[in-house]
């Protein structure tokens, strides 16, 4: 059975997290969500085994399965690493040096890494070679040749712009 690790932090876009999780489960994958703490919440690890709720970008609380642990989140334990967007959540996740290391480790191991919308910031902060990817419009200036496609596959790195942002770009609400 394929296994996926889906990261979540305060400010993660709820739809990008839940729809991805749900779609993978429906496809037969075993999914685990892992809470990545922001610097403000690092001292809150008072929940021995149970992480706190992640407060999504729209204020919805989501209870992750576990705390993010670089020792457990390795490509030996999962086939796929997923980083959803949501500006604040993507910032927390992409600025985590253990996550940056894992992104490189997954790709070097030939595993897939999926990044959704602003989650693509992790590709930039992880020091990956400049390559085609897509992201939220706020990240557009960092993309190779200013690309802004809805879906890009670059080796084992898969980036996706959420459809909602395509509609917003065209003023089709």
Give the number of residues within segment 70-99 that are over 23 Å from residue 56 (Cβ atoms) and crowded, with 19+ Cβ neighbours inside 10 Å. 1
Give the residues of segment 111-125 that are within 10 Å of the chain's Cα centre (by Cα), surrounded by fewer than 24 Cβ atoms within 10 Å (Cβ to Cβ) and not in a helix (DSSP H, G or I), sorted by residue number. 114
Within segment 33-65, which residues are surrounded by fewer than 18 Cβ atoms within 10 Å (Cβ to Cβ), at pLDDT 90 or above and closer than 23 Å to residue 78 by Cα? 62, 63, 65
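The values are calculated or read from the model by the stated rules, or taken from the named source; none is laboratory data. Every value quoted in this text rests on a predicted model; they were computed, and no experiment measured them. When we count neighbours, we look across all protein chains shown, and the Cβ atoms used for this are built from the backbone with ideal geometry, even at glycine.
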